[in-house]
Amino acid sequence: MVAHINTVAFAGIDVLPIEAQVAISGGLPTFTIVGLPDKAVGESKERVRSALNAIGLALPPKRITVNLAPADVQKEGSHFDLPIALGLLAAMGVLPAEEMAQYTALGELGLDGSIASVAGVLPAAVAANAADRGLICPGSQGGEAAWAGGADVLAPRSLLELINHFKGVSVLTPPQAAAPGAGTAYLDLKDIKGQESAKRAVEIAAAGGHNLLMIGPPGSGKSMLAARMPGLLPPLSAAESLEVSMIHSVAGQLPEGGIVRQRPFRDPHHSASTPALVGGGLRVKPGEISLAHRGVLFLDELPEFSRQALESLRQPLETGRVVVARANAHISYPARFQLVAAMNP
Ligand SMILES: Nc1ncnc2c1ncn2[C@@H]1O[C@H](COP(=O)(O)OP(=O)(O)O)[C@@H](O)[C@H]1O
Ligand SMILES: [Mg+2]
């Protein structure tokens, strides 16, 4: 019997639909995962095996094959644990296979069967919603998924809770989107004494969407002024807020159950590597400039940044997007930020 569970992979903040197919067939007992898994996905075998043991289920002593289709897309991350486990449970007849097809699932399993939080729940929820499916996500991220507006979100804290839900033993309550924080706590320009012309320059830059370079001796209030810039910008619209939250979700930086309501302010240290700044790395993540999307990127001690890092800002500043080239794909993230830089004379 072959079970099919819907899940997702990420390309930038775009979601690619992935199907976890699990087949249990006769033969020598083996457990293989195919479909271009990376190391985290390969290790998922051990977590799934142990999580099933923890709830008193042993893997059948048969040939178990998991295929993550389409097979030519690189699968990265630990969020495939849950769909693989659900596929196994459906193939073993523990969960109803037809009902599972109505859901998109993602989550990381602990050895004790708990479901741990993963990056990208918000974009996955939006995609599941668009495909008219429900979402199964980690318990701590139910609030995040609820923001996508889908009616059917299941946020179990463990595999056992999910099995009990489908067996009708104890039904999961749908998670609520966390209430937006009362009032925004931006810093205020009034804290700055004097510096009238600098304040005016900051106001003009904020009003016109200009980038800004401040030159002044240490302790003259440059960092203070920069940190007050997001508060001068207009509030994030609902669409912008969702867009910014998607980036933070993919980066795994969204606060629990929340959504980003404030204009971001990012101030990477000048020793930050180029991938940390513009995105990339072994497992591609959005960099500081994408986390500053729709907000302010503050580069203190501008001349101390490496030449390569500064050069890499050129294209995003012009186009509002950053393209990270990889061996087999180009991934792009939004990066429309206002640059504020400071340096000593
Ligand atoms: N114009 C100012 N008004 C109020 N406090 C100031 C002012 N300038 C400097 N300060 C104080 O000095 C500290 C250092 O300022 P900072 O913004 O870090 O300076 P810079 O970045 O130019 O070195 C601030 O935390 C603040 O307490
Ligand atoms: Mg400073």
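The values are calculated or read from the model by the stated rules, or taken from the named source; none is laboratory data. As the structure is a computational prediction, the values presented were derived from the model and not from experiment. Virtual Cβ from ideal backbone geometry, glycine too; neighbours counted across all protein chains shown.
Based on what the data block shows, is Q176 touching a Lys or Arg at 6+ places or on another chain (Cβ under 9 Å), over 30 Å from A226 (Cβ atoms) and either among the polar types (S, T, N, Q) or at pLDDT below 95 (or both)?
On the way: touching a Lys or Arg at 6+ places or on another chain (Cβ under 9 Å): no; over 30 Å from A226 (Cβ atoms): yes; either among the polar types (S, T, N, Q) or at pLDDT below 95 (or both): yes.
Spelling it out, it is not the case that Q176 is touching a Lys or Arg at 6+ places or on another chain (Cβ under 9 Å), over 30 Å from A226 (Cβ atoms) and either among the polar types (S, T, N, Q) or at pLDDT below 95 (or both).
When residues of the range 261-304 are filtered for being within 13 Å of H248 (Cα to Cα) and either more than 16 Å from ligand 2 (Cβ to nearest atom) or among the aliphatic types (A, V, I, L, M) (or both), how many remain? Can you show your working first?
Narrowing the range 261-304 to residues within 13 Å of H248 (Cα to Cα): 261-266, 279, 285-295.
Still in the list and also either more than 16 Å from ligand 2 (Cβ to nearest atom) or among the aliphatic types (A, V, I, L, M) (or both): 261-264, 279, 285-295.
Qualifying residue count for the region: 16.
Residues of the range 286-345 being within 16 Å of ligand 1 (Cβ to nearest atom) and either touching a Lys or Arg at 6+ places or on another chain (Cβ under 8 Å) or of a type in the set (D, E) (or both), which ones?
Passing the criteria: V296, L297, F298, D300, E301, E304, A342.
Here is a yes/no grid of residues against (1) within 13 Å of ligand 1 (Cβ to nearest atom); (2) in a helix (DSSP H, G or I); (3) farther than 25 Å from H248 by Cβ:
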{"position": "G142", "(1), (2), (3)": "no, yes, no"}
{"position": "A148", "(1), (2), (3)": "no, no, no"}
{"position": "L162", "(1), (2), (3)": "no, yes, yes"}
{"position": "H165", "(1), (2), (3)": "no, yes, yes"}
{"position": "S220", "(1), (2), (3)": "yes, no, yes"}
{"position": "P230", "(1), (2), (3)": "no, yes, no"}
{"position": "P235", "(1), (2), (3)": "no, no, no"}
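Is there a residue being in a loop (DSSP other than H, G, I, E, B), modelled with pLDDT of 90 or more and more than 14 Å from the chain's Cα centre (by Cα) anywhere in the range 116-128?
Of the range 116-128, the ones in a loop (DSSP other than H, G, I, E, B) are 117-120.
Cutting the leftovers down to modelled with pLDDT of 90 or more gives us 117-120.
Now narrow it down to the ones that are more than 14 Å from the chain's Cα centre (by Cα): none.
Taking every residue of the range 116-128 in turn, none turns out to be in a loop (DSSP other than H, G, I, E, B), modelled with pLDDT of 90 or more and more than 14 Å from the chain's Cα centre (by Cα).
Do any strands (runs of 3 or more DSSP E) lying entirely in the range 250-345 carry at least 2 residues that are within 19 Å of A239 (Cα to Cα), touching a helix residue (DSSP H, G or I) at 6+ places or on another chain (Cβ under 8 Å) and in contact (Cβ under 8 Å) with a residue 40 or more places away in the chain, and which ones are they?
Filter on the range 250-345 gives 330-334.
List the residue pairs whose Cβ atoms are under 7 Å apart, where the first residue sits in the range 58-78 and is without any contact (Cβ under 8 Å) to a residue 60 or more places away in the chain, the second is of a type in the set (F, W, Y) and not in a loop (DSSP other than H, G, I, E, B), and the two are 6 or more positions apart or on different chains.
Hits for this filter: L59/F31; I64/F31.
In the same structural domain as Q338 (by TED's automatic domain parsing), within 30 Å of A148 (Cα to Cα) and modelled with pLDDT of 95 or more: is that true of S290 in this structure?
When the stated conditions are applied, S290 passes them.
Condition check: under 22 Å from F337 (Cβ atoms), in a loop (DSSP other than H, G, I, E, B) and within 12 Å of ligand 1 (Cβ to nearest atom). Does L225 satisfy that?
Criteria not met by L225.
Under 19 Å from R157 (Cβ atoms) and either buried (at least 22 other Cβ atoms within 10 Å of the Cβ) or basic (K, R) (or both), is that true of R63? Spell out how you get there, then give the answer.
Numbers: under 19 Å from R157 (Cβ atoms): no; either buried (at least 22 other Cβ atoms within 10 Å of the Cβ) or basic (K, R) (or both): yes.
Criteria not met by R63.
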